[in-house]
Amino acid sequence: MKTFVCIKYVPDTSEAEVKLNPDGLTVDDSRFSFDINDADNYAVEESVLIKEAQGGEVTVLSIGPKKSEVMIRMAMAKGCDKATRIEDDRMADYDPLMVAKVLAGGIKGQEFDLVLTGCMANDDWHMTTGVALAEELGVKHASMVNKVELLDGKVKVHRELEGGLLEVVEVELPAVLTIQTGINEPRYAPIRGIRQAQKKELNVVSLDDIGVDPASVNADASQVVLEKLYIPEMESTAEFIEGEPEEKAEKLAAILHKGGLV
Amino acid sequence: MGNVLVLAEHRQGALRDVSFEMLAVAPGVAEGMGGEVVVLLLGSSLDDMAKKMTEYGHKVMVLDDPAFENFNGEKYQMALSAIIDDLKPAVLMTGHTAQGVDFMPALAVEKKLPLVSDVVELNYEGDVLKATRQLYSGKVNAVVAFKPADTYLVTFREGAVEAPEASAAGEVEKMDSPLKEDVPYRKFVEYIEAEVGDVDITQSEILVAIGRGLKEDKNLPEIEALAETIKADLAGSRAATDAGWIPHDRQVGTSGKAVKPKLYIALGISGAFQHLAGMKGAKTIVAVNKDPEAPIFTVADYAIVDDMFKVLPKLTEKLKELK
């Protein structure tokens, strides 16, 4: 089984105030810590589980800066075999259809049975890249997958729908699966793996190296324009309880009690 | 012709809310483009659903073919590809749902058309279609403008707008199925219904819900102590179920349960829209979160900006006293 797993290096903005850069088109991410995108972390684990069960090889594919190599090495420490990092500032990375074209360039011409991606990126929330990538590669796909079972020449997957409902479908291989969080329990990288990962092959390539014409994935090629970003006003009608932590707790308890809520 | 084609979504014989919600947005866009709203229904045995969709004054085109009895992204892509060629809509809108996200990106690549996903606002201004979408868990909004194209593709977020009131009756028009042969590559096997656990949180009076802020499962006893004190059931966000802190059947949100307790206490939950969609119907909402910008505060009645672990022990102690 030959698997590619596509991962993205994203900022953790869950507990931080987000500010824009003066260009109004990008976010000032200088103060954020970066790590592997949540869903991609599950995709890495799934690719390693598949390799452990079926044999084969897993290649990590990522578009990102030099500093993202920490994340790529970590994926290799968990069991992925080699990696390609694409770095090129000519692509319109705000348009997932352009990103999918670039990722396809990183895969085309090589043999594969499966491509796994996370189903959504924490930063831009598109849920578009994986399914678009399948079409670029001319293979089948299933999105929002939370169980993978390999059969002969095809894969049986559970797709997560709404309200806990699951859809079971079979898809012919080769295929792209976009992986949902919670599908497995991502492992911690073993010390030995971390050491080995340093010696594994990590190729850094540009668009030219992978045969993607920059003019086919740049801002001119994209059919959308990122016009502006803005910070929405948070509208809250909540009563904010003030004071030291213990005071806040006492006040809240009193409110809940007085209001007959508990 | 600037028609806006809205794909009505349904599952297991029932129309989904987003089908109606899109009808709050589509007419303004269609008017700007000098066209009309046309609703499209794909499926099998669609009479009742078609009738329901006509109640908003738009034409409803019905494609009745047993091949569409259950959703199949591959068949949807093939059908919509043919329908775009045939009807040449200016806009094709679907829900940003487990259905929409499964075929719209592939359709966009196949037809070389632009797509903007997870749209919460759609406007046609000065001959340009503009979509607003959210980034970074709703902390940043982006306005994306479409360059001129034959058809603009949009997946629209469920719950972003209120559905309109039913108005005049529209007509139903049947259309032929463009699927001439069976599609072999993807096969629908079955549905698996949601798990049922020991507690049905949709019936709970009081819920204490945890999120990523719990950090690790050794902190659970503190939460359980609070829940026990006020006779609440435990629930949680997607992050809490993914981490295995609470069982799947206790997940609140789009992919979990929609709950409406009289009191909902959200601890360390940032409040992604998928979570808010599942709990904003609660009568009273209390939120405790370190991040003053957390979207959970937009739906809260009482808010505490602080580390939950500094607040919890005293809260539980005080509530015990007051009992």
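The values are calculated or read from the model by the stated rules, or taken from the named source; none is laboratory data. These numbers were taken from a predicted model, which means no experiment stands behind them. All Cβ positions, even for glycine, are placed from backbone atoms using ideal geometry, and neighbour counts span all protein chains on display.
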message = Of all residues being facing chain A (nearest Cβ under 8 Å) and crowded, with 24+ Cβ neighbours inside 10 Å in the stretch B:73-96, which is farthest from B:L42 (Cα to Cα)? Just the residue, please.
response = B:H96
task = For the stretch A:233-243, state whether one or more residues are out of contact with any strand residue (DSSP E or B) (no Cβ under 8 Å at 6 or more places or on another chain), among the small types (G, A, S) and without any contact (Cβ under 8 Å) to a residue 60 or more places away in the chain.
result = yes
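Hey, could you check the stretch A:114-137 for residues that are of a type in the set (G, A, S) and within 10 Å of chain B (Cβ to nearest Cβ) and say which is farthest from B:F156 (Cα to Cα)?
My answer is A:A134.
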key: Wholly within the stretch A:170-235, strands (runs of 3 or more DSSP E) carrying at least 1 residues that are surrounded by 20 or more Cβ atoms within 10 Å (Cβ to Cβ) and among the β-branched types (V, I, T)   = A:175-179, A:224-230
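Report, by residue number, each residue of the stretch A:234-247 that is at the interface with chain B (Cβ under 7 Å from one of its Cβ atoms) and more than 23 Å from A:E17 (Cα to Cα). Give the derivation first.
Pass one, the stretch A:234-247, residues at the interface with chain B (Cβ under 7 Å from one of its Cβ atoms): A:234-236, A:238-241, A:245-246.
A:E246, the sole residue that qualifies.
Given the stretch A:1-79, what strands (runs of 3 or more DSSP E) lie entirely inside it while holding 1 or more residues that are out of contact with any helix residue (DSSP H, G or I) (no Cβ under 6 Å at 6 or more places or on another chain), within 19 Å of A:Q180 (Cβ to Cβ) and not aliphatic (A, V, I, L, M)?
Details: elements: A:2-7, A:9-11, A:34-36, A:57-63.
Strands (runs of 3 or more DSSP E) meeting the threshold: A:34-36.
Out of the residues in the stretch A:82-135 that are acidic (D, E) and touching a Lys or Arg at 6+ places or on another chain (Cβ under 6 Å), which is surrounded by the fewest Cβ atoms within 10 Å (Cβ to Cβ)? Outline the logic, then answer.
Taking the stretch A:82-135 and keeping what is acidic (D, E), we get A:87-89, A:93, A:95, A:111, A:113, A:123-124, A:135.
With touching a Lys or Arg at 6+ places or on another chain (Cβ under 6 Å) added as a condition, the list becomes A:111, A:113.
Numbers: A:E111: 8, A:D113: 18.
The selected residue is A:E111.
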request  = Could you list, in sequence order, all residues of the stretch B:104-122 that are at the interface with another protein chain (Cβ under 7 Å from one of its Cβ atoms) and assigned to a helix (DSSP H, G or I)?
outcome  = B:P105, B:A106, B:A108, B:V109, B:E110
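Of all residues in the stretch A:240-262 being in a helix (DSSP H, G or I) and hydrophobic (A, V, I, L, M, F, W, C), which is surrounded by the most Cβ atoms within 10 Å (Cβ to Cβ)? Spell out how you get there, then give the answer.
So in the stretch A:240-262, the residues in a helix (DSSP H, G or I) come out as A:245-258.
Still in the list and also hydrophobic (A, V, I, L, M, F, W, C): A:249, A:252-256.
Details: A:A249: 25, A:L252: 23, A:A253: 22, A:A254: 14, A:I255: 17, A:L256: 22.
Here the residue is A:A249.
Taking the criterion of being more than 21 Å from A:M144 (Cβ to Cβ), over 16 Å from the mean Cα position of the chain (by Cα), at pLDDT 95 or above and part of a helix (DSSP H, G or I), would at least one residue in the stretch A:81-90 satisfy it?
Going residue by residue through the stretch A:81-90, those that are more than 21 Å from A:M144 (Cβ to Cβ) are A:81-90.
Now restrict to residues that are over 16 Å from the mean Cα position of the chain (by Cα): A:81-82, A:87-90.
Filter again for at pLDDT 95 or above, leaving A:81-82, A:87-90.
Pick out the ones that are also part of a helix (DSSP H, G or I) and you get none.
Scanning the stretch A:81-90 turns up no residue that is more than 21 Å from A:M144 (Cβ to Cβ), over 16 Å from the mean Cα position of the chain (by Cα), at pLDDT 95 or above and part of a helix (DSSP H, G or I).
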request  = Take B:L267 and decide whether it is within 24 Å of the chain's Cα centre (by Cα) and either in the same structural domain as B:N141 (by TED's automatic domain parsing) or within 23 Å of B:D306 (Cα to Cα) (or both).
outcome  = yes
ask   = Looking at the stretch B:167-183, is at least one residue touching a Ser or Thr at 6+ places or on another chain (Cβ under 7 Å), loosely packed, with under 15 Cβ neighbours inside 10 Å and not acidic (D, E)?
value = yes
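Any idea how many residues of the stretch A:93-107 are part of a loop (DSSP other than H, G, I, E, B) and more than 14 Å from chain B (Cβ to nearest Cβ)? Can you show your working first?
Narrowing the stretch A:93-107 to residues part of a loop (DSSP other than H, G, I, E, B): A:93-95.
Still in the list and also more than 14 Å from chain B (Cβ to nearest Cβ): none.
So the answer is 0.
Every residue, every condition in (1) modelled with pLDDT under 95; (2) within 14 Å of chain B (Cβ to nearest Cβ), yes or no:
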site	(1), (2)
A:Q180	no, yes
A:A189	no, no
A:N203	no, no
A:A215	no, no
A:A219	no, yes
A:V225	no, yes
A:P232	yes, yes
A:L256	no, yes
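Every residue, every condition in (1) in contact (Cβ under 8 Å) with a residue 40 or more places away in the chain; (2) within 25 Å of the chain's Cα centre (by Cα); (3) assigned by TED's automatic domain parsing to the domain that holds B:Y76, yes or no:
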residue	(1), (2), (3)
B:F188	yes, yes, no
B:A194	yes, yes, no
B:V208	yes, yes, no
B:R212	yes, yes, no
B:E216	no, no, no
B:L220	no, no, no
B:E224	no, no, no
B:A232	no, no, no
B:G236	no, yes, no
ask   = How many residues does the stretch B:1-37 contain that are away from every other protein chain (no Cβ under 14 Å) and either in a strand (DSSP E or B) or among the hydrophobic types (A, V, I, L, M, F, W, C) (or both)?
value = 16
